[in-house]
Each structure stands twice: as structure tokens, then as C-alpha cells.
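Colleague: Just passing along the structure, written as C-alpha cells.
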Amino acid sequence: MISIALTMIHFIDELKKEDLKGKRVLLRLDLNVPVENGQITDTFRLERAITTVDFLRDNEAKTIIIAHLENKDGGNDTLVPIWDYLKGYLKIDFSPSYFTPEAVDKLIKMEDKSVLLFENIRINPGEKDNNDEFAKKLSQMADIYVNDAFSVNHRMHASIVGVPKFLPHYGGFVLKSEIEHLSKVFYPDHPFVFILGGAKFQTKLPLIQKYLKTADTVFVGGSLANDIFKSKGFEVGESLVSNVPFDTSDILDNPKFRTYSDVTVTKGSEVLFKKPNEIEKDECVVDAGTETIEELKKIISGAKTIVWNGPLGNYEKGFSDKTEQLAEIIARRTEEDKSVVSIVGGGDTVASIQKLNLEGKFTFVSTGGGAMLDFLVNEALPGIEALE
């Protein structure tokens, strides 16, 4: 079935050269990639973004790119490393400021097929505030707006929901692909397995509750499992748990719900495998156990639809092996049966897939983490609705 969002939005592949030649296109991209010591360590999102930029250049538009980049602390980083990377693919200029005489001069001098990247959009306070005046000033730089930044479409930011009010607007190739593939989850082939890892139980509770109704198995791992253990009255020791109370009674009683049957814990420098009810006060749950991986293998072996977001273990502490084993299990299942739909997303999840060179062995790898989850819950996002 076709997603309602796909029928309500115009996408740039509907445009022809006569629609784009000589036009200034304000392109909101997702360039938020990990950068260490000025070097990009994961180019997954950048590689996806190139498709839309190439289309605009091929049709002789003047492409103005706006994007953001966060550091590990959630602050703003410069897009200079991204500019350096993109220069390896195309001729691209850079503006370190917005609305200054220098920036205006660069805009005026743009030629057909040229590309101009602006510095991190979030250096402007009007971006996160979704300030109408700021959105209007952004729109005055261009003739057309294109949103191809799926991963931030759950944000009520000016460059996502504000600008479309002032310009003819379209979705890009990444956005279209995300909607097409993620919408398959709303009409799944069964058996349908939904695997959710990571943290922040309270934000993922609506997702768990929704898919317990439509999936055949909902498996919850990562530090989310610690919250389940705690709600069962088990000792969780020094493990990461949510600090917000919530009711899990309707989840625990559901026969479709599954979590770890054994866990990997650290105790000082020791690494041990234990049952969830055996955790001690000086121990910390850091990953799934070996029995759990075998159980997941059995669950996935007959699945026709598999959705996975979030790691099983604590990536920051180096516990990635169970997540990588799960990636291999899902990839193998997808290769065994070409009718299987496997959709995965989330930063650490995608990192494990890329580390193993498995990206091409899933039906779809989403660029979104939080945006993917919000779309799967609400079947829409503010940025998508702004394009309707």
C-alpha cells in the first residue's frame, strides 16, 4: 500500500530542467556526521545526500545547502570538514556567515550548476526557535525549497517547518526513500519482528505499545532492558536506568513481548554472563548474553518483516559484539529469503552494519534515529507535514 505522505507531497523528481535551470534552490540536507579531530569517521549520510545535489546540478540549478552538525556534547560544530569532503565530489563554495555582505555577494555570483554550502544553520538562534522572520530571511535567498533531511524532520525548526511557508516546496530523494520504505512497516508481512534497543524507555514506550498490537514479537534490549528488570523487582546494580517512573504492567503481561534471557555484566574488570535475576549491586549490565542471541536467531529465522533500531550493548564501553552478531543474523535472513523486508536505523546500529560491510544486505538502512522512531509511532513528522 502507498503511504498517505507520499500522495500528499511533491518531490523534486517531478521537476524538469526548465523548472530548475537558473533557479536558486535552498536545499536542507542532513550532514550531521561524526567528526573526530577534523576528520569524518562515518560518511553514510553524506553519500546519501549526494544524489539530490547531483540531480540539481544536472538540471542546472543554483544549489544553496543548509545543514547542521552537532558535537558529542550536543553543541554546534563547523561544517568545514563536510565542505572539505564534498569538494572531493563536486565544485562547492562555502559561506561562514548568513545575511552578511560577503554571504550576499556569494549568492549573487552563483552560476548555473554551482553549489554553495552555508555554515552550521544552528549558529542562528532563529533556527531552533522556529522564528518566522528568520525562516522568511532564509526563503529570500532562493526560488524553491527542497527538504532532504529526514533525520531532523521530527524537529520544529525554521529550516524544516518554517521555510516551506514562504517558498514552493519539494521533498528530496532521501526523504522520498525514507517514507517509501518505513511505510512498509504499517502494512507488514507476517511474522513481523520489531527489535528496539538503546536508552530512554519513557520516549520509546509508545512505540512498544503500538507495535505489540501489530507485530508478532517485540524484543526490547539495550539499557531499555534494565528498566524492565527493575520493574520486575530485580537488582540492576550500577546499570543505566531511566529516572522517570512508568507503568509496564500492560507490556510484561503481553505474550508478544520479549527481552534478555541472559545478560553480559561487568564487575570491576571482570566480564560475566548472568540471568537477569542474578545481577548484584556492584555489577553493571552492558550487553545481551549468548543465550539471548541464540533466541533472537530463532525468532528471526522465520520472520518476513524485521525492524530494528538501537544497539543491544553499551557502545561507548566497547560492547558491540552482540549488536554485530544481530546485524549478521538479520542480514543472513534477508539474503536467504528475498521476500523478507529488513529495515534498520539508529546511529550505533548503522555503525555496526557499516563496520561489517553489511549495508547492502538489508532492504533499507534509515538515516534517521529519533526521526525514524517518531515516524513509526505517528506515521508522520512535522517536516513532512510542512511539505503537504
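The values are calculated or read from the model by the stated rules, or taken from the named source; none is laboratory data. Fair warning: this is a prediction, and the values are worked out from it, not measured in the lab. With ideal geometry, Cβ positions are generated from the backbone for all residues, glycine too; neighbour counts draw on all protein chains shown. Surface areas here come from the heavy atoms of the whole protein model, side chains and all, with no ligands, DNA or RNA. Shrake-Rupley method; radii C 1.70, N 1.55, O 1.52, S 1.80 Å.
Colleague: Only one residue in Phe229, Phe219 is open to solvent by less than 40 Å² (accessible area, probe 1.4 Å), of a type in the set (A, V, I, L, M, F, W, C), touching a Pro at 6+ places or on another chain (Cβ under 6 Å) and under 25 Å from Val265 (Cβ atoms), so which one is that?
Modeller: Phe229
Colleague: For the stretch 232-261, how many residues are open to solvent by 60 Å² or more (accessible area, probe 1.4 Å), among the hydrophobic types (A, V, I, L, M, F, W, C) and outside any loop (DSSP other than H, G, I, E, B)?
Modeller: 0
Colleague: Tally up the residues in the stretch 333-353 that are open to solvent by 50 Å² or more (accessible area, probe 1.4 Å), touching a residue at least 12 places away in the same chain (Cβ under 8 Å) and either outside any helix (DSSP H, G or I) or not acidic (Asp, Glu) (or both), please.
Modeller: Residues flagged as open to solvent by 50 Å² or more (accessible area, probe 1.4 Å), touching a residue at least 12 places away in the same chain (Cβ under 8 Å) and either outside any helix (DSSP H, G or I) or not acidic (Asp, Glu) (or both) within the stretch 333-353 amount to 2.
Colleague: Test each condition in (1) hydrophobic (A, V, I, L, M, F, W, C); (2) assigned to a loop (DSSP other than H, G, I, E, B); (3) closer than 15 Å to Thr259 by Cα for Leu205 and report the one that comes out false.
Modeller: Result: Leu205 passes all but (2).
Colleague: Would you please name the residue that is farthest from Gly345 (Cα to Cα), looking only at residues in the stretch 44-92 that are part of a helix (DSSP H, G or I) and β-branched (Val, Ile, Thr)?
Modeller: Val80
Colleague: Would it be correct to say that Asp143 is open to solvent by less than 10 Å² (accessible area, probe 1.4 Å), within 18 Å of Ala61 (Cα to Cα) and modelled with pLDDT of 95 or more?
Modeller: Here the answer is no, as Asp143 does not meet what is asked.
Colleague: Out of Gly289, Gly318, Gly302, report the one residue that is open to solvent by 30 Å² or more (accessible area, probe 1.4 Å) and over 24 Å from the mean Cα position of the chain (by Cα).
Modeller: The unique qualifying residue is Gly302.
Colleague: What is the residue count in the stretch 265-286 for residues that are surrounded by 15 or more Cβ atoms within 10 Å (Cβ to Cβ), more than 25 Å from the chain's Cα centre (by Cα) and under 20 Å from Ile228 (Cα atoms)?
Modeller: Total satisfying the criteria: 9.
Colleague: Test each condition in (1) hydroxyl-bearing (Ser, Thr, Tyr); (2) part of a strand (DSSP E or B); (3) touching a Ser or Thr at 6+ places or on another chain (Cβ under 7 Å) for Thr323 and report the one that comes out false.
Modeller: (2)
Colleague: Being open to solvent by 10 Å² or more (accessible area, probe 1.4 Å) and touching a strand residue (DSSP E or B) at 6+ places or on another chain (Cβ under 9 Å) is the filter here; which residues of the stretch 50-68 pass it?
Modeller: Thr51, Arg57, Lys62
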